[in-house]
Amino acid sequence: MNLKFGDIQETALITLAIRASETARPNARIRDPKAKEIIDHLGVDVSKFDPFLSHEGVVARTILFREQLKELLKKHPDAVCINLGCGFDDKFSQVDNGKLQWFDVDLPDQIAVRRKVFEDRDRCTMIDGDALDGSWTKNLPKTSMNIIVMEGVLEYFSKDQVKTCLKMLCDNFEHGYLLAELHSPFLEKNSKHHDAVKHTNAKFGWGTKSGKEYEEVEPRMRLVSETSYNEEMKKYTIRGKLFAIIGKNLNNRLAVFKW
């Protein structure tokens, strides 16, 4: 591994640091050996990217996305799955059913760095692609069902960029599901107060009160379900339960759309 600290975007360090530290715990709720390998290799202090609420939030979203993917794959075992804006995420190993075809997609510079850590695997391929431009989709196999995952991506997009992205998906995939991380209007205005993101130069984009607002910018999509990360976080700690009450409408959500 010839990865350097500067190779990794700061927002990617947040999820890497959290997944690595959770993996190292005796009773880990999620396991991501690759994240731990990367953080151990870098040998730098990333504790500022791993505060309590962000830690619990990343653990919760990892579990929620994994379980939702597994449910969809029970219905569509041969689906083409696309992790769009994949960063260093390795969802394929969490949900592989031996049949699905998986594509990890990100901008060329990010894929170049990802290739320092990951290799293409049987039915799991890395390709360059832009969430705002569908030209890369022409290289994918045609299938009756596509499942697109966008975790930690759309929250940094403006409303216009979200609209462009959703249109691109509907234009290029005849049928599909989108599993998307959404955040609130409060977070849109308060990036500098987020316990982990405040340590980066990133700023949150368009925040919504409901996934129904996505239907308004792309009418071909229908909201199937929406689950607050609070639903998972409150299972584990008193602070998680308290935040579920105090921050009832503030936490991020997993929204599932179908078209």
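Apolar share of the accessible surface for the chain: 50 percent from carbon plus sulfur atoms, 1.4 Å probe. Applying both filters, DSSP loop and at most 16 other Cβ atoms within 10 Å, to the GluC sites (Glu not before Pro) of region 101-169 gives E119.
Need one word for region 1-145: rounded, prolate or oblate. Basis is the Cα gyration tensor (sqrt eigenvalues a ≥ b ≥ c); a/c below 1.5 gives rounded, then a/b vs b/c decides. Oblate, since a/c reaches 1.5 and b/c is not below a/b. Sorted into 5 angstrom bins from 0, the C-alpha pair distances of region 63-163 split as 2, 12, 24, 25, 21, 13, 3, 0 percent. Annotation: per residue accessible area for region 1-85 equals 44 Å², rounded to a whole number [probe 1.4 Å, protein chains only].
Distance cut-off 28 Å, Cα to Cα: go down the list K48/K235; K36/K138; K48/K159 and report the pairs above it. Beyond 28 Å: K36/K138; K48/K159.
Membrane-span-like helices in the chain (whole DSSP H runs, Cα extent of at least 18 Å along the helix axis, mean Kyte-Doolittle hydropathy of at least 0.0): 10-23. Extension gain for K163-L3 works out to 54.2 nm (0.36 nm per residue, less the C-alpha to C-alpha distance).
When Rg and Dmax are taken over the Cα atoms of the chain, they come to 17.4, 48 Å. At an R0 of 35 angstrom, the distance between the Cβ atoms of S225 and N190 translates into a FRET efficiency of 0.85. Scaling against 2.2 N^0.38 Å puts the C-alpha radius of gyration of region 13-62 at 1.00.
Report, to one decimal in Å, the Kirkwood hydrodynamic radius for region 131-259 based on all distinct Cα pairs. Value: 15.7 Å, from the Cα pair sum. Each of the peptides 166-174, 131-139, 27-35 was scored by the mean count of other Cβ atoms within 10 Å over its residues; in descending order, highest first, they stand as 166-174, 27-35, 131-139. Multiplying the residue separation of I246 and H175 by 0.36 nm and subtracting their alpha-carbon distance yields 21.7 nm. Dividing the summed helix terms, -39500 (n - 2.57) for each DSSP H run of n ≥ 4, by the number of residues in the chain produces a 222 nm estimate of -11000 deg cm²/dmol to the nearest 500. Accessible area per residue for region 94-142, computed on protein heavy atoms with a 1.4 Å probe, is 51 Å².
The values are calculated or read from the model by the stated rules, or taken from the named source; none is laboratory data. Remember, predicted model here, so these are calculated numbers, not experimental data. Glycine gets a Cβ as well: all are built from the backbone with ideal geometry, and neighbour counts include every protein chain shown. Side chains are part of the model used for accessible areas, which takes the heavy atoms of the whole protein and leaves out ligands, DNA and RNA. Shrake-Rupley method; radii C 1.70, N 1.55, O 1.52, S 1.80 Å.
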